[in-house]
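The values are calculated or read from the model by the stated rules, or taken from the named source; none is laboratory data. Every value quoted in this text rests on a predicted model; they were computed, and no experiment measured them. Quick reminder, even Gly has a Cβ in these numbers, built from the backbone with ideal geometry, and neighbours come from all protein chains shown. Heads up: the accessible areas ignore ligands, DNA and RNA and are worked out on the full protein's heavy atoms, side chains in. Shrake-Rupley method; radii C 1.70, N 1.55, O 1.52, S 1.80 Å.
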Amino acid sequence: MSIAIYTLTSTLHDETSINRVTSEFLGSLQIEYELKGSDYADYGSSPLSLVFVRTGGTEGLFIQLFDRLLRQGHHPFYLLTSGKSNSLAASMEILAFLRQQGCEGEIIHGAEDYVAQRIRLLERVEKARRILRGARLGVIGKPSDWLIASHADRDAVRRILGIELVDVTMDELLEAIERAPDSFPISLTTHPSSTNTCCVSPIESHSLHVAVSIYHALKDIVGKYQLGGFTLRCFDLLSAVHNTGCLALALLNSEGVVAGCEGDVPAMLTMKVAQALTGVSGFQANPANINSQTGRMLFAHCTIPLNMVERYEFDTHFESGIGVAIRGYVKPGPVTIVKLAGDLSRSFVAEGTLLECQDKLDLCRTQMVVQLDDPALTGYFLTQPIGNHHIIIPGHHKCLFSTLFLHSIK
C-alpha cells in the first residue's frame, strides 16, 4: 500500500467516538490507504506517510515521537486533520514546532475533495522523491564553456535531491565510440507510437552510422556507471568525430535514460525531476524569441526525445551544418516549462499551450511556438533567468512541480 496513515489521539477523548469519526472521514476521501494507528515502527517505509492528528491535546505525543521519526528519515511531515475535536489547532502547533526545528511540513485540511486531491498529488510527488533518491547522473566532459551560469552545487544536489553526480571524461567516450557498432537500434525505425514516422532528409550514410555509434557508446557508458541519465559536452564531438550527439540523445531519452546537451547540469537535473514526476524527460531548448506583450515564445534545439513527437526528420546540426540532428513535430496542446538552478536555490515553472512546430532554416532543427498562460511570466526570461536552457514537458503539471519544490527548492 503506497499511502500509510498513522494516528495521534489524546487519551482524554472517547476512543469509540474518535474511531467512528476516523472511519467516516477517511471513507469520504475515496483513496486507498493502510491505517497504521499509533504504531510508528515502520513510519516512512511507504511512499507516502501521513500523520493523522485526530484530536487536540496531541502535541506532547508528537514531541515524544519526534526524535524517532527524524531518525527514520522520512520528511517533510504531512499532518492530516479533519478539523474535528480541536485537531486543526493541534496540527498548527505541531507544524509551528517543526518549523522551529528547521523541518519542512504541511497541514492537509479542507473540503473532502481538496484533501483527497492533495493526498493523491503528494503520493505522486513522494514516489518521485524515491526515484530521485540514490539516482546517479553522469557529467560526460565538462559543461560547455559558454555555460557560465549553469554549474551545479554537488553537495546541495546530493542533500536535497539525493542524486550523485558522476564525472566521465570525453576521452573515455571517444574510446567507446571507436569500439561501438554502427548497427541501427530497433527504436530508430520501429517506435512504440504507431503515429511516429521517420522521414529522412538527405544525410550522408557515413554520418548516420557514426551518429548511431555515438548512441551505442553512450549506452555502454550508462551501463558501466549505472547511470539514470547524463549530460554530454556534445560540441566536442564536432571536431573529434565530425558528428553530434543529437540522434543518440533523442533515442536514449525515449528509452528512459535522461540525456541532456552541452554539459548543462542544471538542465539535466530538471529533466530527471521531470521524468520522475511525469514519465517524460522533456525537450531541452533555448528560448529563441519572446513576445512579452502576448506571451508567445519560440523554443529551439537540435534534438528531442522521440517519445515526445508525432513524427521526426533527420537534418544536419544547425550551428555546424554537419552530423545528424532531429527535427521533431510535437502534437499541439498543453505544456509545462520548468527549470531548476544548479544550487537548487531557485526554480521556475509555467504552463502554456504548444501552438505549432516550425521548420525555419535559421534555427536549431526542432522549433516549438508556445503561448504562455500568463504573459507576464515572460519578464522572468528577460530579467531573472536561470540559464538559457529550459525543459518543456507535454501536459499541465505545475501543481506537481510546485508541490515538489515547496518543501525543497524555492
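Quick notes on this structure:
- Every pair of residues 6+ apart whose Cβ atoms lie under 6 Å, when the first sits in segment 83-94 and is touching a residue at least 40 places away in the same chain (Cβ under 8 Å) while the second is part of a helix (DSSP H, G or I): Lys84/Val21; Ala90/Glu59; Ile94/Glu59; Ile94/Phe62
- One residue from Gly352, Gly387 being closer than 18 Å to Asn289 by Cα, modelled with pLDDT under 95 and open to solvent by less than 60 Å² (accessible area, probe 1.4 Å): Gly387
- Listed by position, the helices (runs of 4 or more DSSP H) enclosed by segment 1-116 that each have at least 3 residues that are open to solvent by 10 Å² or more (accessible area, probe 1.4 Å) and either basic (Lys, Arg) or within 30 Å of Leu161 (Cα to Cα) (or both) are 59-71, 87-100.
- One residue stands out among those in segment 390-410 that are assigned to a loop (DSSP other than H, G, I, E, B), under 21 Å from Val258 (Cβ atoms) and at pLDDT below 95: the one that is least open to solvent (accessible area, probe 1.4 Å), which is Ile409.
- Only one entry of Ile131, Ile119 meets the criterion of being β-branched (Val, Ile, Thr) and open to solvent by 60 Å² or more (accessible area, probe 1.4 Å), and that entry is Ile131.
- Residues that are of a type in the set (Val, Ile, Thr), more than 15 Å from Gln284 (Cα to Cα), touching an Asp or Glu at 6+ places or on another chain (Cβ under 9 Å) and part of a strand (DSSP E or B) do not occur anywhere in segment 332-339.
- A Cβ distance below 8 Å, combined with a sequence gap of six or more or placement on separate chains, defines the contacts here; from segment 342-357, residues that are among the polar types (S, T, N, Q) reach residues that are in a strand (DSSP E or B) in the pairs Ser347/Val338; Ser347/Lys339; Ser347/Leu340; Thr353/Gly333; Thr353/Pro334; Thr353/Val335; Thr353/Val370; Thr353/Gln371.
- Entry remark, segment 23-78: residues being within 18 Å of Tyr114 (Cα to Cα) and aromatic (Phe, Trp, Tyr) number 4 in total.
- In segment 355-384, the qualifying residues are those that are part of a loop (DSSP other than H, G, I, E, B) and touching a Lys or Arg at 6+ places or on another chain (Cβ under 7 Å), and the one that is most open to solvent (accessible area, probe 1.4 Å) is Asp359.
- Where a residue in segment 11-38 is under 18 Å from Ser87 (Cα atoms) and its partner, wherever it lies, is of a type in the set (Val, Ile, Thr) and in a helix (DSSP H, G or I), with Cβ under 8 Å and at least six apart: Leu29/Val115; Leu29/Ile119; Leu35/Thr22
- Filter result (in a helix (DSSP H, G or I) and over 23 Å from Tyr312 (Cα atoms)) within segment 228-266: Asp236, Ser239, Ala240, Val265, Pro266
- Some residue of segment 222-234 being more than 28 Å from Ser347 (Cα to Cα), at pLDDT 95 or above and either buried (at least 20 other Cβ atoms within 10 Å of the Cβ) or more than 22 Å from the chain's Cα centre (by Cα) (or both): yes
- The residue that is nearest to Ile322 (Cα to Cα), counting only those in segment 235-267 that are open to solvent by 10 Å² or more (accessible area, probe 1.4 Å) and acidic (Asp, Glu), is Asp236.
- Once segment 144-166 is narrowed to residues that are of a type in the set (D, E, K, R) and farther than 18 Å from Phe235 by Cβ, the residue that is surrounded by the fewest Cβ atoms within 10 Å (Cβ to Cβ) is Asp155.
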